[in-house]
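Trainee: Just dropping this structure here.
The values are calculated or read from the model by the stated rules, or taken from the named source; none is laboratory data. Note that the structure is predicted; figures quoted are calculated from it, not measured. For neighbour counting, all protein chains shown are included, and Cβ atoms are generated from backbone atoms with ideal geometry for every residue, glycine included.
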Amino acid sequence: MIDVIIVEDDFRIAKIHEEFIEKVTGFKVVGKALNGDNAIKLVQNNEIDLVILDVYLPDILGVDLIDKIREMDSNIDFIMVSAATETELVGEIIRNGVFDYIIKPVKMERFIETLERYQEMKERLDKQSEVDQLFLDKYFGHLPDNGLKDTPKGIDPLTLEKVSKTIQSLKSGITAEEMGSRIGVSRTTARRYLEYLISTGEVMAELEYGIVGRPERKYHLVKL
């Protein structure tokens with residue numbers, strides 16, 4: 001389980017971020033802080049893996065809070081979520097080694113995509129004694145020239161390849177929820193990739209009716 005705290009001075013935004021996090025299996029919000037002082041107390045009293053952090057807080061800048069928290073625990077990671085776009089400030093935050101920086105207002109899919117990428121990277125770093133270049137290329141945003149097709153923003157070629165190979169191995173259709181469980185992503189993310197494969201003509205979707213309940217949208221490989 002990845003334990004998260006949200007540091008955001010607008011409680012309404014903090015609640016929205018909490019709802020986003022709850023949609024991703026494997027994450028747990030252990031506390032929310034409205035300012036830097038409360039955030040430090042949460043870190044002192046809990047085992048924290050990840051901080052969702054705003055830049056502008058009532059008592060401290062987020063970039064300065066990163067330094068204070070890292071003095072307490074250097075293993076804590078940070079994802080910045082802020083309206084701050086000043087080049088000098090953002091540059092300083094990037095140099096502090098944050099995992100990602102998302103500009104407000106936040107789209108749910110963008111937020112969840114970052115969480116899932118963070119989860120994947122953390123799990124691999126925790127399990128492996130060494131990493132390969134492919135892992136590092138993906139972590140730092142480089143895509144190797146390995147034959148993967150160019151994809152639009154929000155569609156990761158490596159994840160797309162997983163979805164494509166999974167659906168090619170099936171004899172019957174699969175729902176987005178089932179696909180998500182198979183490859184370790186949320187239903188929302190799995191649906192995005194499956195719908196993208198529909199747009200490329202590789203996959204088709206049909207509504208299948210069960211004995212009870214709503215019809216399910218099932219995705220099938222297009223047979224040529």
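Trainee: Would you be able to tell me the number of residues in the stretch 159-215 that are aliphatic (A, V, I, L, M) and out of contact with any helix residue (DSSP H, G or I) (no Cβ under 8 Å at 6 or more places or on another chain)? Walk me through it before giving the result.
Mentor: Restricting attention to the stretch 159-215, the residues satisfying the condition of being aliphatic (A, V, I, L, M) are 160, 163, 167, 170, 174, 176, 179, 183, 185, 190, 194, 197-198, 203-205, 207, 211-212.
Keeping just the survivors that are out of contact with any helix residue (DSSP H, G or I) (no Cβ under 8 Å at 6 or more places or on another chain) gives 170, 198, 207, 211-212.
Within the stretch 159-215, residues that are aliphatic (A, V, I, L, M) and out of contact with any helix residue (DSSP H, G or I) (no Cβ under 8 Å at 6 or more places or on another chain) number 5.
Trainee: Right, something else. Please verify whether V55 is crowded, with 17+ Cβ neighbours inside 10 Å and farther than 29 Å from S181 by Cα, treating the condition exactly as stated. Please lay out each step first, then the result.
Mentor: Values: crowded, with 17+ Cβ neighbours inside 10 Å: yes; farther than 29 Å from S181 by Cα: yes.
So V55 passes the test.
Trainee: Could you count how many residues in the stretch 17-37 are in contact (Cβ under 8 Å) with a residue 24 or more places away in the chain and either over 12 Å from L115 (Cα atoms) or buried (at least 16 other Cβ atoms within 10 Å of the Cβ) (or both)? Steps first, please.
Mentor: If we filter the stretch 17-37 for residues that are in contact (Cβ under 8 Å) with a residue 24 or more places away in the chain, which is where we start, we get 17, 20-21, 23-36.
Filter once more, keeping what is either over 12 Å from L115 (Cα atoms) or buried (at least 16 other Cβ atoms within 10 Å of the Cβ) (or both): 17, 20-21, 24, 27, 29-36.
Number of matching residues: 13.
Trainee: Between a first residue in the stretch 82-109 that is of a type in the set (D, E, K, R) and a second residue that is in a loop (DSSP other than H, G, I, E, B), which pairs have beta carbons less than 6 Å apart while being 6 or more apart in sequence or on different chains?
Mentor: From the stretch 82-109, the pairs are K104/A83.
Trainee: Hey, could you check the stretch 176-185 for residues that are buried (at least 20 other Cβ atoms within 10 Å of the Cβ) and touching a residue at least 12 places away in the same chain (Cβ under 8 Å) and say which is nearest to I21 (Cα to Cα)?
Mentor: Here is the first cut: in the stretch 176-185, the ones buried (at least 20 other Cβ atoms within 10 Å of the Cβ) are 176, 179-180, 185.
Okay, now just the ones that are also touching a residue at least 12 places away in the same chain (Cβ under 8 Å), so 176, 179, 185.
Working: A176: 19, M179: 20, V185: 13 Å.
Taking the candidates together, the pick is V185.
Trainee: Please indicate, with yes or no, whether at least one residue in the stretch 27-48 is within 28 Å of I183 (Cβ to Cβ) and of a type in the set (G, A, S).
Mentor: Initially, the stretch 27-48 is screened for residues within 28 Å of I183 (Cβ to Cβ), giving 27-30, 48.
Subset that is of a type in the set (G, A, S): none.
No, that holds for no residue.
Trainee: If you check L207 against the conditions, is it outside any helix (DSSP H, G or I) and either touching a Ser or Thr at 6+ places or on another chain (Cβ under 7 Å) or farther than 22 Å from P152 by Cβ (or both)? Reasoning before the result, please.
Mentor: Working: outside any helix (DSSP H, G or I): yes; either touching a Ser or Thr at 6+ places or on another chain (Cβ under 7 Å) or farther than 22 Å from P152 by Cβ (or both): yes.
Against the criterion (outside any helix (DSSP H, G or I) and either touching a Ser or Thr at 6+ places or on another chain (Cβ under 7 Å) or farther than 22 Å from P152 by Cβ (or both)), L207 qualifies.
Trainee: Enumerate the pairs (first residue in the stretch 151-175 and at negative phi; second residue anywhere and of a type in the set (K, R) and at pLDDT below 85) with beta-carbon separation below 7 Å, excluding pairs fewer than 6 apart on the same chain, so at least 6 apart or on different chains.
Mentor: Within 7 Å, the pairs are P157/K149; L158/K138.
Trainee: Also, I was wondering about something else. Is one or more of the residues making up the stretch 201-224 crowded, with 18+ Cβ neighbours inside 10 Å, at pLDDT 85 or above, within 23 Å of the chain's Cα centre (by Cα) and among the aromatic types (F, W, Y)?
Mentor: Checked against the condition, which is being crowded, with 18+ Cβ neighbours inside 10 Å, at pLDDT 85 or above, within 23 Å of the chain's Cα centre (by Cα) and among the aromatic types (F, W, Y), the stretch 201-224 yields no hits at all.
Trainee: To continue, here is another question. Any residue at all in the stretch 9-27 that's among the small types (G, A, S), over 18 Å from R110 (Cβ atoms) and touching a Leu at 6+ places or on another chain (Cβ under 8 Å)? Steps first, please.
Mentor: Kept after step one, since they are among the small types (G, A, S), are these residues of the stretch 9-27: 14, 26.
Next cut, over 18 Å from R110 (Cβ atoms) only: 26.
Then keep just the ones that are touching a Leu at 6+ places or on another chain (Cβ under 8 Å); that gives none.
Checked the stretch 9-27: no residue is among the small types (G, A, S), over 18 Å from R110 (Cβ atoms) and touching a Leu at 6+ places or on another chain (Cβ under 8 Å).
Trainee: Follow-up. Report whether or not S74 is small (G, A, S) and free of Cβ contacts under 8 Å to residues at least 12 places away in the same chain.
Mentor: Values: small (G, A, S): yes; free of Cβ contacts under 8 Å to residues at least 12 places away in the same chain: yes.
Judged against the criteria, S74 is a match.
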